[in-house]
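What follows is one structure encoded as structure tokens, with my remarks underneath.
The values are calculated or read from the model by the stated rules, or taken from the named source; none is laboratory data. Note that the coordinates shown come from a computational prediction; the quantities given were computed from them, not determined experimentally. Ideal geometry is used to build each Cβ from the backbone, glycine not excepted, and the neighbour counts take in all protein chains shown. The area values use the complete protein model at the heavy-atom level, side chains included, leaving out ligands, DNA and RNA. Shrake-Rupley method; radii C 1.70, N 1.55, O 1.52, S 1.80 Å.
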Amino acid sequence: MDYPLVRMRRLRKNANIRDIVRETKLNKEDLIYPIYFKEGLKKGQKEEISTMPGQYRYSIEDGVAYAKELEAKGLKSIILFGIPKEETKDEIGSPAFDDEGIVQNAIRALKKETDLIVIADVCLCEYTSHGHCGLIRTYDKGDINDDTDDGIKILNDASLKYLVKTAVSQAKAGADVIAPSDMMDGRVQAIRQALDEEGFFDVMIISYSAKYASSFYAPFREAACSTPGLGNRKSYQMDPANSREAVRECELDLIEGADMLMVKPALPYLDIIKTIKEEFSLPLVSYNVSGEYSMIMAAIEKGYLTEESIMESLLSIKRAGSDLIISYFTPYLLDNL
Ligand code: PBG
């Protein structure tokens, strides 16, 4: 059968009909809100992030109050990033695993004041003086041991110890979920083992499994003050050209004990989301990153796009196969879903 017996437009005739045949729906519980806590800010001192209109760095009091507001609108989970005092940053990212660190204190306050699922991002880049996600070694020009292209090596195994310390310290503070975003090999296994040894059997791990070396993180680095001082992240984050490699990364994280997988960024990687969803039965999270937010916000501000582009973008991430979406658009979506 074909036209004129078949008419696809019958199923699009009016809003009620479109409502009943809609294949994909975004729900409030699909959303995870990323929030930045900055050490040293006083109550009422929230700082707007210049590259991300409408997003702020919060003091603990203000961030918790905002999280409560979002919870009242239907939010279920939140992911935390911390910005320590500049002068406390060092080579190994010590403020990341300080039991009285900014994220640890924010976790405790959120657990006390809300019922939100608290996810702690585990990484060193916001806490190291050099801005890399692990420990580094630099080479002088002409060093025969230098096999890098930029004279800087991010040390895998030496970094694991500090990532593990960070995860354990966050779990002690009450984090429900640990989300390692550093892309060191073996970190999921190392973190799972340490959590279990400390008795945190029930603390989940959402691994940033397929995390690409993306230019779309630029606004985040401004937000979190974590732009690397030298070199780039291409020797540990994935090459945007690869998709089979994403499957291998996810396989390893699954074997190492991840409870959920993640693809990051989302919009430029919808094909990866679809592939991972088809290959694995773990819940899949996508990170609609800072650059995806800022790009749409800038276009809306300029009048090139309308707000409808927000819902459409988020829906396409869901349609590609994501179960959960980390997005800065969460407050907007909670108001508009
Ligand atoms: C830390 C981390 C980054 C993001 C989340 N965790 C930045 C990076 O890897 O450079 C990016 C989030 C965003 O862009 O919204 N490693």
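I'd like the residue in segment 43-75 that is basic (Lys, Arg) and more than 20 Å from the chain's Cα centre (by Cα) and, out of all such residues, is nearest to residue 111 (Cα to Cα). Per the stated criteria, the residue is 68.
Table: residues versus (1) surrounded by fewer than 20 Cβ atoms within 10 Å (Cβ to Cβ); (2) touching a helix residue (DSSP H, G or I) at 6+ places or on another chain (Cβ under 7 Å); (3) touching a residue at least 12 places away in the same chain (Cβ under 8 Å); (4) closer than 21 Å to residue 70 by Cα.
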residue: 254; (1), (2), (3), (4): yes, no, yes, no
residue: 265; (1), (2), (3), (4): no, yes, yes, no
residue: 271; (1), (2), (3), (4): yes, no, yes, no
residue: 277; (1), (2), (3), (4): yes, no, yes, no
residue: 288; (1), (2), (3), (4): no, yes, yes, yes
residue: 291; (1), (2), (3), (4): no, yes, yes, no
residue: 315; (1), (2), (3), (4): yes, no, yes, yes
residue: 319; (1), (2), (3), (4): yes, no, yes, no
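From 153, 85, 89, which residue is without any contact (Cβ under 8 Å) to a residue 60 or more places away in the chain and out of contact with any helix residue (DSSP H, G or I) (no Cβ under 7 Å at 6 or more places or on another chain)?
Details: 153 fails: without any contact (Cβ under 8 Å) to a residue 60 or more places away in the chain; 89 fails: out of contact with any helix residue (DSSP H, G or I) (no Cβ under 7 Å at 6 or more places or on another chain).
Among 153, 85, 89, only 85 is without any contact (Cβ under 8 Å) to a residue 60 or more places away in the chain and out of contact with any helix residue (DSSP H, G or I) (no Cβ under 7 Å at 6 or more places or on another chain).
For segment 208-228, what are the residues that are more than 12 Å from the ligand (Cβ to nearest atom) and among the polar types (S, T, N, Q)? Matches in segment 208-228: 209 only. Here 224, 246 are screened, and the one residue that is buried (at least 23 other Cβ atoms within 10 Å of the Cβ), closer than 21 Å to residue 188 by Cβ and not basic (Lys, Arg) is 246.
Considering segment 160-201 alone, what residues qualify as being under 19 Å from residue 212 (Cα atoms) and open to solvent by less than 30 Å² (accessible area, probe 1.4 Å)?
Quick first cut of segment 160-201, residues under 19 Å from residue 212 (Cα atoms) only: 179-188.
Correct list: 179, 180, 181, 182, 183, 184, 186, 187, 188.
The residue pairs whose first member lies in segment 181-207 and is touching a residue at least 24 places away in the same chain (Cβ under 8 Å), whose second member is open to solvent by 60 Å² or more (accessible area, probe 1.4 Å), and whose beta carbons are closer than 6 Å, counting only pairs six or more residues apart or on different chains, are 204/259; 205/259.
Checked against the criteria, residue 301 does not count as over 27 Å from residue 224 (Cα atoms) and over 15 Å from the mean Cα position of the chain (by Cα). All conditions in (1) within 15 Å of the ligand (Cβ to nearest atom); (2) in contact with a Leu (Cβ under 6 Å, 6 or more places away or on another chain) hold for residue 158, with the sole exception of (1).
Okay, residues lined up against (1) surrounded by fewer than 17 Cβ atoms within 10 Å (Cβ to Cβ); (2) at pLDDT below 95; (3) within 16 Å of the ligand (Cβ to nearest atom):
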residue	(1), (2), (3)
284	no, no, no
301	yes, no, no
308	yes, no, no
312	yes, no, no
324	no, no, yes
328	no, no, yes
336	yes, no, no
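Residue by residue, here is whether (1) on the phi > 0 side of the Ramachandran plot; (2) loosely packed, with under 10 Cβ neighbours inside 10 Å; (3) not in a loop (DSSP other than H, G, I, E, B) holds:
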{"residue": "4", "(1), (2), (3)": "no, yes, no"}
{"residue": "9", "(1), (2), (3)": "no, yes, yes"}
{"residue": "17", "(1), (2), (3)": "no, no, yes"}
{"residue": "20", "(1), (2), (3)": "no, yes, yes"}
{"residue": "36", "(1), (2), (3)": "no, no, yes"}
{"residue": "41", "(1), (2), (3)": "no, no, no"}
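In the set 289, 247, only one residue is away from the ligand (no atom under 16 Å from the Cβ) and in contact with a Phe, Trp or Tyr (Cβ under 9 Å, 6 or more places away or on another chain); that residue is 247.
The residues on offer are 149, 115, 99, and the sole one that is in a loop (DSSP other than H, G, I, E, B), modelled with pLDDT under 95 and open to solvent by 10 Å² or more (accessible area, probe 1.4 Å) is 149. Residue selection: residue 231 fails the criterion of being in contact (Cβ under 8 Å) with a residue 60 or more places away in the chain and more than 16 Å from the ligand (Cβ to nearest atom). The conditions of being outside any strand (DSSP E or B), closer than 28 Å to residue 216 by Cβ and aliphatic (A, V, I, L, M) are not met by residue 65.
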